[in-house]
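Comments concern the structure below.
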Amino acid sequence: MRILAVQNHAGTGLGQIARALAEAEAAVDLVQAHEGEALPSTTDGHDGLIVLGGAQNALADDEHPYLPELVALMRDFALADRAVLGVCLGSQLLARAFGAKNLIGAAPEFGWREVSLTEEGAADPVLRAAGRRFPTFQWHDDTFTLPRGAIRLAGNDVAENQAFRIGRAGYGIQFHFEADTKLVHRWSGEFSDYLAERQPGWQDRLGPESARHGPVADAAGLALARAWVAMV
């Protein structure tokens, strides 16, 4: 199994997805698109595509001119029936790839928040692994409408479309299931100045909230990661 992973921001990383891929002995080709590394022109040579999060929005083509190419690549993978996993920004780009509307600034959400599966999500081979309702880490301002023909898999009160599937194997997941407690603590340190401005008091809340929600969120996220890798 060979997976193409696209990074859109320094420090994001695969998190728990990396553990699931390592357990499956998958080869991973990492492209740091935000640093100008070239994307493949075709789907050849890869069994699946992972597109990670980033600080940019899904319509920021002027500042990040590689985005239209990445959107087209995601669409090509999904239409070729190869596995796609878009996380946070990646989910927004997958929605864009299939004609949905990106809603910039419409759903700010940060911290561990509960997500609930739809009936379709509870029957989905990937999402059902996480449990019908679970806490997970969120860090986003934007959301999207559901692409035509997509199946809505999860939501919450802030963002109705927290997860969807397009075709057999194209998954868009808004929440950061890949971010276990260790990764959230790392992000909180790396982006401490930004968080001090945007999320006052977060450093004080981090310890108690991670103790309260982290164990269940970490278990749900790893189960979801393993289920996606098994589906590939």
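None of the figures in this text is laboratory data; all of them are computed from the coordinates on show. Since the model is a prediction, treat every value here as computed from it, not as a measurement. Quick reminder, even Gly has a Cβ in these numbers, built from the backbone with ideal geometry, and neighbours come from all protein chains shown.
Computed over neighbours whose Cβ is under 14 Å from that of LEU183, the net charge equals -1, Lys and Arg +1, Asp and Glu -1. Rounded, prolate or oblate: which one fits the chain, using the alpha carbon gyration tensor with axes a ≥ b ≥ c (rounded when a/c is under 1.5, else prolate when a/b beats b/c, else oblate)? The shape class here is rounded. Neighbours of MET1, meaning other residues whose beta-carbon lies under 12 angstrom from its beta-carbon, give a summed charge of -2 when Lys and Arg score +1 and Asp and Glu score -1. Other residues within the sphere of radius under 15 Å centred on the Cβ of GLY45, judged by their own Cβ, net out at -2 (K and R +1, D and E -1). Annotation note: trypsin sites (Lys or Arg not before Pro) in the stretch 23-126 located in DSSP loop regions with a Cβ neighbour count of at most 14 within 10 Å are LYS101.
Ordering SER210, SER192 from the fewest to the most neighbouring beta carbons within 10 Å gives SER192, SER210.
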